[in-house]
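A quick write-up on the structure given underneath.
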Amino acid sequence: MALRRAGVVWPRPAVIAGVLACLLLDQSLKAWAVREFTLGEFREVLPGVLSLGLIYNTGAAWSLFAGAALPLAALRLVVGVALLVYLSRRAVPPLTGVALTLIAGGALSNSLDGWRLGKVVDTLASHTLSAVTRALGQGDFPVFNLADVWVVSGVLLLLLRSTRSPTRSSSTA
């Protein structure tokens, strides 16, 4: 039987604050990139590791579903809202709460781009990740944005959480 630590849950106000922080940071970087860069322009921030710039994406990573910005925006909106509803109705452990909050924030921010612009603003290029994907014969790693980082980080946290072994009771009743 798994033991639960009483009172250790991801607080609901933290969900709202976390989603708003994800939205604000991602949308701010995108707005800055649109003002600062011309389409296709990139500048190294961490030489050999990371560049900032501007491209638009009407699909998903690796050109999947290109031209489907509005259906993808709708899907992202459903995911983000569903996670917010879930988190507002259920007490979840902190790590799970952080993970789901990151996924909701990233999904909603990219959804906002899709509805507003008919495409997603991508601003980050990783030379390191591109070196890995090129070595695997897959070309450059896709340009991405902070919302993508939030979603991937949330999924990785959920995977980490799923590998943790549950605490067992010492009684053998």
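Coordinate-derived values only; no laboratory data. All of these numbers come straight from a predicted model, not from anything done at the bench. Cβ sites come from the backbone with ideal geometry, for glycine too, and all protein chains shown count toward neighbours.
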TODO: Compare LEU129, LEU102, LEU83 in a GNM of the chain, Cα atoms joined below 10 Å, and give the one with the largest fluctuation.
DONE: LEU129
Open item on the list: With +1 assigned to the C-beta of every Lys and Arg and -1 to the C-beta of every Asp and Glu, and no other charges, what is the dipole magnitude of the chain about the Cα centre in debye, to the nearest 20?
Closed with: 920
Open item on the list: Here are labelled values, (i) 128; (ii) 139; (iii) 154, and one is the computed volume of the Cα convex hull per residue in Å³ for what I pasted. Which one?
Closed with: (iii)
TODO: List, in order, the whole-Hz ³J(HN,Hα) value for each residue of region 64-73 obtained from phi through the Karplus relation with A = 6.51, B = -1.76, C = 1.60 and θ = phi - 60°; use x for Gly and Pro.
DONE: 5, 6, 3, x, 10, 4, 6, x, 5, 4
Task: Cβ charges +1 (Lys, Arg) and -1 (Asp, Glu), total dipole of region 52-147, debye - done: 260
Task: For the chain, built as a Gaussian network whose Cα springs stay under 10 Å, the top-fluctuating residue of LEU108, LEU146, LEU136 - done: LEU136
Open item on the list: Charges at C-beta only: +1 for Lys and Arg, -1 for Asp and Glu. How large is the resulting dipole of region 1-84 about its Cα centre, in Debye rounded to 20?
Closed with: 460
Task: Rounded FRET efficiency, nearest 0.05, which uses the C-beta distance separating VAL85 from ALA14 and R0 of 22 Å - done: 0.85
Open item on the list: As a test of the formula, what do you get for the chain when each DSSP H run with n ≥ 4 contributes -39,500 (n - 2.57) and the sum is divided by the residue count, at 222 nm and rounded to the nearest 500 deg cm²/dmol?
Closed with: -19000 deg cm²/dmol
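Determine the shape class of region 65-167: with a ≥ b ≥ c the square roots of the Cα gyration tensor eigenvalues, call it rounded for a/c under 1.5, and otherwise prolate if a/b is greater than b/c, oblate otherwise.
Numbers: a/c = 2.70, a/b = 1.21, b/c = 2.23.
Oblate is the answer for region 65-167, as a/c is 1.5 or above yet b/c matches or exceeds a/b.
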Open item on the list: Which one, ALA31, LEU87, ALA61, is farthest towards the positive end of the dipole of region 1-116 when Lys and Arg carry +1 and Asp and Glu -1 on their Cβ?
Closed with: LEU87
Open item on the list: For region 44-118, compute Rg over Rh where Rg is the Cα radius of gyration and Rh is the Kirkwood radius from the inverse mean 1/r over Cα pairs.
Closed with: 1.09
